Amino acid sequence: MTALSEIFVPLHRIIPFSNVEGQGNRSSIFLQGCKLNCLYCHNPETIPRYTENAKLVSLQYLYEQVMEAVPFIRGVTISGGEPTIHHKKLVPLFEALRSQGLTCYLDSSGFFEFDRIRSLIDVTDKFLFDLKGEGAGLQTLCFDRQNQTGIVPQQVIPERLHIKNDKLERNLQNLAALLPLNKVEEVRLVFLKHFFDAEHLVGKVALLLRNYPDVALKIIRVHSKGARDETGLSTHIPSAEETNALAAYARQCGINKVLTIL
Ligand code: SF4
């Protein structure tokens, strides 16, 4: 078995104590690299896999940083970027932390190959499952890697919104597979207008969550701060009323725990 001191990952930053990354006080570790390119990304500097600003650190270093925060934390949440792209490397770190009684969470976009990262799923206590949306609008919203400057188009072609595309539905398929394993703490939806039909999506999520009343749906009204094209994004921001109306619709669809961040 390779020692933790011999396995390296690109670190963006560590927040020793956070209470917004899952249950209880947790250390949050932000790793570098993401395959997506969400136009509202508030940490766009974490998207490139390799950058001068991220330092390569060993798992031993991360382990020690987390252990310094004990006994004031319940566990650790790995975020990014997208943490599952480091799936093989994270397994021994999670095993070591869990052997110390800490819980290990992943904050993920849900766009991963389930079978490929299965060994990481097995040692993950919970996912904070960041549902990005659905349908063809996602191609522009999150998958257009050519758009490095993050310019937000003002025209999204509505008739394309419901086109079926397996790649764009992988997140919902993965959510459906994680729920019966008791691996999901909350589903997060960044709500913005025009790129996907939020009610249609919430209806699908409600069908998935109907047997899991403890899993929360957190609807986060998008904000433009930190995005690369703040002005372009601003025309897609829903009002607080629209956000509350979506939350009411989610409750009407039978989702038990619905939270909003306005
Ligand atoms: S999934 Fe989207 S929001 Fe999250 S880090 Fe990647 S590009 Fe940014």
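The values are calculated or read from the model by the stated rules, or taken from the named source; none is laboratory data. Computed from a predicted model, the values in this text were never measured in an experiment. So basically every Cβ, Gly included, is an ideal-geometry build from the backbone, and we count neighbours across all protein chains shown.
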Among the residues of region 1-30, the number that are within 14 Å of the ligand (Cβ to nearest atom) and either hydrophobic (A, V, I, L, M, F, W, C) or touching a residue at least 24 places away in the same chain (Cβ under 8 Å) (or both) is 6
Given the conditions (1) more than 29 Å from residue 214 (Cα to Cα); (2) in contact with a strand residue (DSSP E or B) (Cβ under 8 Å, 6 or more places away or on another chain), report the number of the one that residue 63 does not fulfil.
-> (2)
Looking only at region 213-241, count how many residues are buried (at least 16 other Cβ atoms within 10 Å of the Cβ), of a type outside the set (A, V, I, L, M, F, W, C) and assigned to a loop (DSSP other than H, G, I, E, B).
-> 6
For residue 33, state whether it is free of Cβ contacts under 8 Å to residues at least 24 places away in the same chain and outside any helix (DSSP H, G or I).
-> no
Just need a number here: residues in region 188-203 that are crowded, with 17+ Cβ neighbours inside 10 Å, more than 16 Å from the ligand (Cβ to nearest atom) and either β-branched (Val, Ile, Thr) or in a helix (DSSP H, G or I) (or both).
-> 3
In region 77-89, is there at least one residue being modelled with pLDDT of 95 or more, part of a helix (DSSP H, G or I), more than 30 Å from residue 154 (Cβ to Cβ) and away from the ligand (no atom under 16 Å from the Cβ)?
-> yes
Evaluation of residue 75 against (1) under 22 Å from residue 36 (Cβ atoms); (2) crowded, with 22+ Cβ neighbours inside 10 Å (one fails), failing number | (1)
Within region 107-129, residues within 12 Å of the ligand (Cβ to nearest atom) and at negative phi come out as 107, 108, 109, 111, 112, 128, 129
Selection from region 69-109 of residues that are free of Cβ contacts under 8 Å to residues at least 24 places away in the same chain and touching a strand residue (DSSP E or B) at 6+ places or on another chain (Cβ under 7 Å) | none
State which residue is farthest from the ligand (Cβ to nearest atom) when the search covers only region 42-54 and only residues that are touching a residue at least 12 places away in the same chain (Cβ under 8 Å) and out of contact with any helix residue (DSSP H, G or I) (no Cβ under 9 Å at 6 or more places or on another chain).
-> 50
